[in-house]
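Each value in this text was obtained by applying a stated rule to the coordinates, not by laboratory testing. What you are looking at is a predicted structure, and each value in this text was computed from that prediction instead of being measured. Every residue, glycine as well, gets a Cβ built from its backbone with ideal geometry; the counts of neighbours run over all protein chains shown.
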Amino acid sequence: MMPVEKNPVLRSNAWLLDFSQSFCAAVGTRVLLQIIDNPKLHPVPCAPQHCSSVFSWQGRLLPVVDMASILGVEPQTPHLLAIAGYRELPGEPIRFGALLLAAPPVAIAVSDNQSCMLPEHSEVWSKFAFSCFEQQGKAIPILHLARVFSSLDA
Amino acid sequence: MSAAAVARSSTTSPAALLNISGLNLVLPQIDIRALESASDVDVGEAEPFSIGWIQYEQQRWPVYCISHELSLLVDVPGERRVCVLLGAGAGYVGILCDEVSIGKQVVLGQQHELPSAMHMPNTPVLGLTTLDADNVACVTNAQALVAYVARLVQT
């Protein structure tokens, strides 16, 4: 009997997030908790343009970050919101935040051999990305959410 | 004292709720020294960036009109019907609002710290609070708000 060779099937381990105008980044599958369609945002004055509203979610008021605004493109209209959970440091309590999206997230499979250099706007991505991988010829940063939800100066 | 502590202390006493073009601002009711009609504001010889004067305790105090983004306005929107007079050190400052709620009308929900990503230098927003299922208010106090307006006027 011939041994059966199993096809190596890559399971999805990341979400690809579209922040508008082809600006994309990825987060781990466990990071995204919920997608909200047409969210009601509460503006907060005297806040940075990229984080100028909060979203009420499960008794919390989550900061809403518009990565498109950070990247210098037109700020997004609040159409889709991704609720994300992250830790500032390993072992610390989970914190929550929200990211504005231009399209629903897409599940993708990423492996170590896809790592590459940061894409355009690398001065921005170097602040907000752990690392980067290549997906269909495009460099996709992996978001460092603790930095995204702390401040631009972090 | 941390911003969160300031925000908590700001709202442990009875609170007042100011509505400015949809922006909800909560501050300690004790910070409000008087409520006047916007029509009582004397618009003659206004100081730069103020919209006029209000008479209180035999003196006149500057009145400012701010937007829902907390920028100074020189053209007063028609919906600004109330002038709140805030204690500011040794004097007072008037701020025009659409509506002001005080006493038992103001029921605050859970208090929240301002998320760290939203901190800006000199912001008068000290924290956030829910009002009901659909509304959120920014927590401030007279000291922070008057200092903020003074900085806007100077710059």
Note: A:45-55 gets an average of partner chain Cβ contacts (10 Å, Cβ to Cβ) equal to 6
How large are Rg and Dmax for chain A when only the alpha carbon atoms are used, in Å? 16.8, 72
If you keep only loop residues by DSSP, which GluC sites (Glu not before Pro) in region B:27-110 have at most 15 other Cβ atoms within 10 Å of their Cβ? B:E45, B:E57, B:E69, B:E79
Rounded to the nearest 20 debye, what is the charge dipole size of region A:15-148 about its Cα centre when +1 sits on each Lys and Arg Cβ and -1 on each Asp and Glu Cβ? 380 debye
Rounded to the nearest 500, the 222 nm mean residue ellipticity computed for chain A from DSSP H runs (n ≥ 4, each -39500 (n - 2.57)) alone is -2000 deg cm²/dmol
Förster radius 25 Å - calculated FRET efficiency between B:V107 and B:A46 (Cβ-Cβ, nearest 0.05): 0.10
Apply 1/(1 + (r/R0)^6) to the Cβ-Cβ distance of A:N13 and A:V73, taking R0 = 25 Å, and write down the FRET efficiency to the nearest 0.05. 0.35
Take the alpha carbon atoms of region A:12-88, find their center, do the same for region B:93-155, and report the distance between the two centers in whole angstrom. 24 Å
Using just the alpha carbons, could you tell me how many Å³ per residue the convex hull of the protein assembly as shown encloses? 166 Å³
What is the spin-label model distance, in nm, from A:S22 to B:S67 if the labels are put 7 Å beyond Cα along the C-beta direction? 3.4 nm
Would you calculate the separation in nanometres between label points at A:E134 and A:K40, each defined as 7 Å from the Cα along the Cα-to-beta-carbon direction? 4.8 nm
Output the Cα-based Rg and Dmax of region B:3-154 in Å, rounding Rg to one decimal and Dmax to a whole number. 14.7, 44
What dipole magnitude, in Debye to the nearest 20, does region B:38-155 give about its Cα centre under +1 on Lys/Arg Cβ and -1 on Asp/Glu Cβ? 260 debye
Looking only at other chains, what is the average number of their beta-carbon atoms within 10 angstrom of each beta-carbon in B:118-131? 4
Cβ charges +1 (Lys, Arg) and -1 (Asp, Glu), total dipole of the protein assembly as shown, debye: 900 debye
